[in-house]
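A short write-up of the structure that comes next.
Read-outs: derived from the displayed coordinates by stated rules, not from any lab. Keep in mind that this is a model prediction, so the values were computed, not measured. Methodologically, a virtual Cβ is constructed for each residue, glycine included, from the backbone with ideal geometry; neighbour enumeration extends over all protein chains shown.
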Amino acid sequence: MARVPVKLVSWEEIVEWSRGLADRIEESGWRPDVVVAVARGGFVPARLICDFLDITDLLSVQSQHWVEAARAAQKAILKYPYRVDLEGKKVLIVDDIVDTGDTLLLAKEFVEREWGPSETRTAAMQWISSVAKFKPDYYYLEVRDWVWFQYPWTRLEDTMQFIARILREDERARSGVSEDELKSIFREWYGVDPEELGFYWELALKRLREKGVVRAENGKLLPR
Ligand code: ADE
């Protein structure tokens, strides 16, 4: 059993899930005038939904997570709280996933308060029902057991973070490992074979070396 359960998501699955989500919206008989993507995760699903539903108006708000002083929990904030006039418009707010639900809820409240639409609804490809504090109006998959969806648009970023975490937290890696040993620890931790990551594996290691997170010494990889 992996320490951090990861589901590697393909581009084909993204198209299939976004299509399924668009179908649910269409079947409900409701049609948005404007789609708002929650950056960065909602960009690709929002763009695909626009394509599948023949919608031209696509805007975005960007959420960011801050670690509050003296608190372990992260707080979601909107990075650029700009204003636009959406009076009389029906707005669909799209994110990739509803995990805690903080991000999508924040975006919805912001758009309702500041942009003045006649109605907002929310949509995500995945809804983690066991942890989310709210249920989106539209979702494609309900997930009960928490898993990290490794979406194709964060493959490099996630691979770097996965490796960095091993180097920080795994006793074997802290004292230096060969690349093959690192691959085997990676499989153990995340249930993903680095071979499935293709060029991302090598690129992640290169970036981590450039950033000074990893150093190579006598054929071993070590944390800085
Ligand atoms: N963003 C927030 N929660 C996530 C999850 N479980 N998988 C992928 N991206 C996420």
(message) With a cut-off of 8 Å between alpha carbons and a minimum separation of six or more residues, what is the relative contact order of region 6-150 in percent?
(response) 25 percent
(request) Return the Cα extents of region 103-209 along principal axes one, two and three, sorted largest first, each rounded to a whole Å. (result) 58, 28, 24
(request) Output ³J(HN,Hα) for region 77-83: one whole-Hz value per residue in order, computed from phi by the Karplus curve 6.51 cos²θ - 1.76 cosθ + 1.60 with θ = phi - 60°, and x for Gly and Pro. (result) 9, 9, 6, 10, x, 6, 10
(request) Any chance you could give the angle, 0 to 90 degrees and rounded to 10, that helix 43-53 forms with the longest Cα principal axis of the chain? (result) 40 degrees
(request) Determine ³J(HN,Hα), in whole Hz, for all residues of region 147-159 in sequence, where each value follows from phi through the Karplus function 6.51 cos²θ - 1.76 cosθ + 1.60 and θ = phi - 60°; x replaces Gly and Pro. (result) 8, 8, 7, 8, 6, x, 7, 10, 5, 6, 4, 5, 4
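What order do you get for 99, 137 when you list them from fewest to most C-beta neighbours inside 10 Å?
Numbers: 99 20, 137 17.
With the sparsest Cβ surroundings first, the list reads 137, 99.
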(message) Using 10 Å bins from zero, what percent of all Cα-Cα pairs in region 19-74 falls into each bin?
(response) 22, 41, 19, 14, 4
(request) Fewest Cβ neighbours within 10 Å first, please rank 160, 125, 1 accordingly. (result) 1, 160, 125
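Counting only helical runs of four or more DSSP H residues, what would the 222 nm mean residue ellipticity of the chain come to if each run contributes -39,500 (n - 2.57) and the total is spread over all its residues? Write out the running numbers ahead of the final one.
Values: 7 runs with 84 residues, N = 224.
Taking each H run of at least 4 residues, the total per residue is -11500 deg cm²/dmol.
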(message) Report the rotationally averaged projected area of region 80-138 based on its alpha-carbon convex hull, in square nanometres.
(response) 3.8 nm²
(request) Order by neighbour count: 122, 100, fewest other Cβ atoms within 10 Å first, most last. (result) 100, 122
(message) Could you give the length gained by full extension between residue 199 and residue 3, i.e. 0.36 nm per residue of separation minus their alpha carbon distance, to one decimal place?
(response) 68.2 nm
(request) Do me a favour and compute the ellipsoid semi-axes for the chain from its Cα gyration tensor, root of five times each eigenvalue, largest one first, whole Å. (result) 37, 19, 15
(message) If amide hydrogens are placed 1.01 Å from N in the peptide plane, which non-local residues have theirs closer than 5 Å to the one on residue 139?
(response) 124
(request) Could you run the Karplus curve 6.51 cos²θ - 1.76 cosθ + 1.60 with θ = phi - 60° over region 181-186 and give me ³J(HN,Hα) per residue in whole Hz, x for Gly and Pro? (result) 5, 4, 4, 6, 5, 4
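Relative contact order (percent) for region 152-223, with alpha-carbon contacts under 8 angstrom and 6 or more residues of separation? Show your work: numbers first, answer last.
Values: 68 pairs, mean separation 30.1, N = 72.
Relative contact order comes out at 42 percent.
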(message) For region 5-69 and region 114-191, what is the centre-to-centre distance using only Cα atoms, to the nearest Å?
(response) 17 Å
(request) Please give the FRET efficiency for residue 188 paired with residue 209, using the beta carbon to beta carbon distance and R0 = 30 Å, rounded to the nearest 0.05. (result) 0.85
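As a quick test, which of the pairs 7/89; 7/220; 90/133; 75/206; 90/135 have an alpha carbon distance above 26 angstrom in this structure?
Long pairs (Cα-Cα over 26 Å): 7/89; 7/220; 75/206.
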(message) Using only the alpha carbons of region 152-223, what is the convex hull's orientation-averaged projected area in square nanometres?
(response) 4.3 nm²
(request) May I ask for the longest run of the chain untouched by GluC sites (Glu not before Pro) that are loop-located per DSSP and have at most 14 neighbouring C-beta atoms (other than their own) within 10 Å? (result) 88-224
(request) With everything on Cα atoms, drop me the angle between helix 199-210 and the longest principal axis of the chain, reported from 0 to 90° to the nearest 10. (result) 70 degrees
